[in-house]
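Notes for the one structure printed next.
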Amino acid sequence: MGSDRGKTSGSVMVVGAGIAGMQASLDLANSDYYVHLVDKLPTVGGMMARLDKTFPTNDCAM
Amino acid sequence: MISPKLVEVGRHLNVNIITNSEIKSVEGEPGNFTVTLVNHPRYIDPVKCTGCGECAMHCPVTAVNSYNKGLDDRRATFIEYPQAVPLAFGIDTDTCIGCGLCENMCVAKAIRYDDTERESALTVGSIILAAGSQGYDPSKLDFLGYGKFANVVTSEEFERILSASGPYRGHLCRPLDREEPKKIAWLQCIGSRETNKCGNGYCSSVCCMYAVKEAMIAKEHAHGDLDCAIFNMDIRTFGKDYEKYYLRAKDKDGVRFIKSRVHTVVEIPETGDLTVRFVNEAGEILEETFSMVVLSVGLQVPETSKILAQQLGIELDKYSFVETDPFTPVSTSRKGVYTCGVFQGPKDIPGSITEASAAACAAGSDLAVARGTDTKVIEMPDQQDVTAETPRIGVFVCNCGINIGGVVNVPAVTEYAATLPFVAYTDQNLFTCSQDTQDKIKEKIIEHKLNRVVVASCSPKTHEQMFMETLEACGLNRYLFEMANIRNQNSWIHSKTPDIATQKAKDLVRMAVARSAMLKQLNEKVISVNKQALVIGGGVAGMNAALGLGKQGFQVALLEKDASLGGYSRMLHHTIEGGDIQKYLKDLIADVIAHDKIEVITGARVVDFSGYKGNFTTSVLVGPENKKRTIKHGIIIVATGAGEYTPKEYGFNQDPRVVTQVQLGDILEEKGAADLSSVVMIQCVGSRNEENENCSRICCQNAVKNALIIKKQNPEANVFVLYRDIRTYGLMEDFYKEARNLGVIFIRFEPENPPKVEPAAEGMMVTIKDHILQKNLEIRADLVTLSAGMVAEDTTELCGIMKFNRNPEGYFIEAHVKLRPVDMPGDGIFLCGTAHGPKLITEAIAQAQAAASRATTFLSKSEIKLSAITAQVDTEHCVKCLTCVRSCPFNVPVFNTEKQVIEIDEAICHGCGICAGVCPRQTIQLNYYEDDQILCKIDALLAGGM
């Protein structure tokens, strides 16, 4: 723990593990922060994991 | 598309996934919050559960499958979908009868009937709320018949109907009789743009696009001619290239778009068909019968999110979206708490991903001093060199509970593997992926001096990385690993024929062993990262990107071609919400100039560029003296911006009474609206036409914004907006409604019948055909205001030097329109603001913060390890035909004219293998997938005698 750090934590909590929550978590974790990704459901993925294909490329959402 | 992200968060060492949990309270200060979580019981231990699915297979209870929106069933013991992360089942205690069958069947001993609700605590510095949305429930709109007529479904249900993993396995069926529909109607704005019945006055921003998509996909799935009709008020395809998509659906795929209000949907009991009664633009009441009706439901903040906001003390707006400021789009009312995605406001996936990165930037900036203090690192032992050794292969065959073992004779496969060449050790495991098996594999590698490992189990997509790490953990090169998929590609599909499945497993193992013997150890090149950033463009986007990086502690060179900062925003006065742009800009410029990490270089022109991610070199000529400077940097953020289109239409530049919206903004700022008695605004000038097919996104709100200013300052003034579709998406719909309430008159026209503008005795005369009256209207105006679209800055010279790709309209092309909206195709290069496409200042700020976040993922590391899977050229046998140069989608192979050879830079090679495939002399090999390493598998297969 550096002296300039004081009481600052190096962790972030992200609430909601849909595509936005996952992207925020990955950016932070890949920038050397520790992430707690919390979701009320048993699975991450959110609404996007419930879509068939996505516009405008018609790629499979899953 | 989402699967790789699921796997990445699931496997990331520094992402701790906490499912089945909610926030109870948040105490403390920004930088040091204490969070109390409520962890609801799952009744199956996610650590022990291997996802084999035996529990669900034996569960006798049928429950409604909420994943498929109630259109089919699942068991009480369930997993939402096969790709779920964590790959662990759970028990739905609402339906579980507690029979104990799953507990008896679970070989991993993961069932915990006595699981209870617990509380746990976390210490975090920042919080990001990405709680998302749910589809509007149309049950209470009784005139639509949802819940009453089986063939009226929501768009969310229709997504599942179309999906291959959905209730009908992707066959286009209607729920009532599982017949394929012949005619489908989509009804737009269900639960959006309506305050009387549902209370959601906002536009949900995504429904037009998904309805177009669903219609196109439904047509693809249909066996005959499927008639698709979309009933709408306005079609709002305002995103980047979305208009082209809409035109394709309309003109090429024949999807019908009907401007109307739907009155009722009534079922014809004999057939289950539905009669849609609607009012067309001319005011006539019409009826049309469809086999199925899809309700395009809007996005809505769920009750649970409202409670969450309350617990955190976060202010919400009247629709329960998080209250944010136009200039700080991801900051909530509580310091240290940020938001993104649909909880912030209705938006599509690229918008959500952009904002997510922006929130990550903001959350990380607050904690920059503590970066890396909580993260975990795995220390790997030094690698041993096994190049000279004879292959000693270890084969581990997985039972996957009884997923494989229940079909394939695993002991026989294991015995067979022992007879194969170079195999030094074999074993079988209950679950090869479990943590204790990893320890066992490590033990056996050391004990038997194994220098190659084969695992015969499931898919490398989900498990290869993990096994490779196990090899690395005992000093073995990760590329000396091979997998045989004897589950997904064997036991699951040949479950009725175990003998054949066992034989196939043997074949797959023989092939894997053959390849394993041919594998070479590969060294991943490590490159250093220069921690300086280069931002090109000193407008609002570029400045925010520079500040985002500066706050994270990185040195930034900010290039601006003009003599001063500010860009296009210098021409703008207020956002539609009333935010003072000039004040914001002044403060922003002051912050940027004062920041000790940011060096502003104005009057700069890029003249030379070279390098790759982590190590770029850019030369610029600066100032009137053209002083040359060379900057070394690790990443690039492109923020070159866009400007207002200069109209050629409607006598602009010929008559001073014809102005653009930006000019009208100036007039209103300087003189106000007191002396205006009649203003006509014409939309889509320079947009949605042959020259520029796309929508410019910002012009509708611009018109509404200026119309409101006029009406508020001078209620007597007449304001007419001549439009094609009003696209005040998201929360801006309220301003459109306000404008109508204040008496602004909106008149729709078709592109074939544009308005005519002519000078008249007093002012200008505008003639327009009114659809409702079916008559030409003549409107006198003091001012005709053209809602001119956006045009990308001319970046031809820059792109010639830096080799960036632009679309035909001159906007930069992102790496992936959906999932990587801020990344450019080249690694280490990012994009933000209107250089990416037309957008509002708020959206440009969010994307700029996002670009800073994406760049931070590079700059926070001192070095980057490159994948060893890259293409190598055998220059001795290469005939320099240049086929590879022409075929590479990333422009990596180049012909070095000095040395007269083809060169492939491993630092920028993506390892896709296209060059290796197309090389007519087979002089290009892709590491880990060399021709011999593939062909030996085929030889091994044929050696078994097919």
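Laboratory data are not the source of any read-out in this text; all were calculated from the coordinates shown. Worth saying up front: this structure is predicted, and the values here are computed from it rather than measured. Positions of Cβ are generated from backbone atoms using ideal geometry, with glycine treated the same way; all protein chains shown enter the neighbour counts.
Shielding of peptide B:343-352 by partners, expressed as the average count of other chain Cβ atoms within 10 Å per residue Cβ, is 3. Once you've got the Cα coordinates, tell me which of B:LYS259/B:LYS711; B:LYS705/B:LYS737; B:LYS705/B:LYS839 are over 19 Å apart. Correct reply: B:LYS259/B:LYS711.
Sorting B:272-284, A:25-37, B:673-685, B:14-26 by average packing, meaning the other beta carbons within 10 Å per residue, from highest down gives A:25-37, B:673-685, B:14-26, B:272-284.
Does region B:134-300 classify as rounded, prolate or oblate by the C-alpha gyration tensor (a ≥ b ≥ c root eigenvalues; a/c under 1.5 gives rounded; else a/b over b/c gives prolate, otherwise oblate)? Write down the numbers at each step before the final one.
Details: a/c = 1.27, a/b = 1.07, b/c = 1.19.
Judged from the Cα gyration tensor, region B:134-300 comes out rounded (a/c under 1.5).
Count the net charge of all other residues whose Cβ sits under 12 Å from the Cβ of B:ARG277, scoring Lys and Arg as +1 and Asp and Glu as -1.
On the way: positive: B:ARG261; negative: B:GLU284, B:GLU287, B:GLU288.
Here the count lands on -2.
Ranking B:THR470, B:THR95 by Cβ neighbours within 10 Å, fewest first, what do you get? Before the final figure, lay out the partial values.
Working: B:THR470 22, B:THR95 16.
Ordered by Cβ neighbours within 10 Å, fewest first: B:THR95, B:THR470.
How big is chain B by the Kirkwood estimate over distinct Cα pairs, in Å? Could the numbers behind the result be given before it?
Numbers: mean 1/r = 0.0317 Å⁻¹.
Radius from the Kirkwood sum: 31.5 Å.
Computed from the C-beta positions of B:ASN776 and B:VAL622 and an R0 of 45 Å, the FRET efficiency is 0.20 to the nearest 0.05. In chain B, Cα pairs under 8 Å separated by at least six residues give a relative contact order of 11 percent.
Can you put B:GLU560, B:GLU415, B:GLU447, B:GLU159 in order of Cβ neighbours within 10 angstrom, beginning with the fewest?
On the way: B:GLU560 22, B:GLU415 14, B:GLU447 10, B:GLU159 25.
Ranking B:GLU560, B:GLU415, B:GLU447, B:GLU159 by Cβ neighbours within 10 Å, fewest first, gives B:GLU447, B:GLU415, B:GLU560, B:GLU159.
Among B:PHE290, B:PHE609, A:PHE55, sorting on how many other beta-carbon atoms sit within 10 Å of each Cβ, with the fewest leading, yields B:PHE609, B:PHE290, A:PHE55. Loop-located trypsin sites (Lys or Arg not before Pro) in chain A (DSSP state other than H, G, I, E, B) with a sparse environment of at most 14 neighbouring Cβ atoms within 10 Å: A:LYS7.
Dipole orientation for chain B: of the candidates B:GLY548, B:GLY98, B:SER331, B:GLY548 has the Cα lying most toward the positive pole (charges on Cβ; Lys, Arg +1; Asp, Glu -1).
Classify region B:645-790: rounded, prolate or oblate, from the alpha-carbon gyration tensor (a ≥ b ≥ c, eigenvalue square roots; a/c under 1.5 rounded; otherwise prolate if a/b is larger than b/c)? Spell out each step's value before the answer.
Values: a/c = 1.19, a/b = 1.06, b/c = 1.13.
Rounded is the answer for region B:645-790, as its axis ratio a/c remains below 1.5.
Helix A:19-29: angle to the longest alpha-carbon principal axis of chain A, degrees 0 to 90, nearest 10? With rounding to tens, the tilt is 30 degrees.
In terms of its C-alpha gyration tensor, region A:9-60 has an oblate overall shape, because the principal axis ratio a/c (a ≥ b ≥ c, square roots of the eigenvalues) is not below 1.5 and a/b does not outweigh b/c. Against the main long axis of the alpha-carbon atoms of chain B, helix B:661-670 sits at an angle near 60°.
Straight-line reach from B:LYS865: taking Cα to Cα under 25 Å and skipping same-chain neighbours fewer than 8 places apart, the lysines in range are B:LYS5, B:LYS376, B:LYS442, B:LYS461, B:LYS520, B:LYS525, B:LYS531, B:LYS613, B:LYS632, B:LYS803.
Which whole-number percent gives the relative contact order of region B:393-518, counting Cα pairs below 8 Å spaced six or more residues apart?
Numbers: 229 pairs, mean separation 41.7, N = 126.
Rounded, it is 33 percent for region B:393-518.
Computed on region B:801-944, the Cα convex hull volume stands at 172 Å³ per residue.
Given region B:393-518, what whole percent of its Cα pairs are spread farther than 17 Å?
Values: 3892 of 7875 pairs.
It works out to 49 percent of all Cα pairs.
Across region B:3-125, Cα pairs under 8 Å and at least six residues apart give a relative contact order of 34 percent.
Between B:HIS58 and B:THR271, full extension at 0.36 nm per residue minus the direct alpha carbon distance yields a gain of 72.8 nm. Scanning residues 5 or more positions from B:LEU777 or on other chains, those with amide H under 5 Å from its amide H are B:ILE768, B:LYS769, B:ASP770, with H placed 1.01 Å from N in the peptide plane.
Starting from the Cα-Cα distance between B:SER25 and B:LYS140, subtract it from 0.36 nm times their residue separation and give me the gain in nm to one decimal. Mind showing how you got there, number by number?
On the way: separation 115, 0.36 × 115 = 41.40 nm, distance 3.37 nm.
This chain segment gains 38.0 nm when fully extended.
The calculated FRET efficiency for the pair B:GLU797 and B:GLU898, based on their C-beta separation and a Förster distance of 30 Å, comes to about 0.70. Axis angle, to the nearest 10 degrees, between helix B:498-518 and the longest C-alpha principal axis of chain B: 90 degrees. Subtracting the Cα-Cα distance of B:GLU379 and B:GLN310 from their residue separation scaled by 0.36 nm leaves 20.6 nm. Dimensions of region B:342-397 along the principal axes, based on C-alpha atoms and rounded to the nearest Å, stand at 61, 32, 21, largest first.
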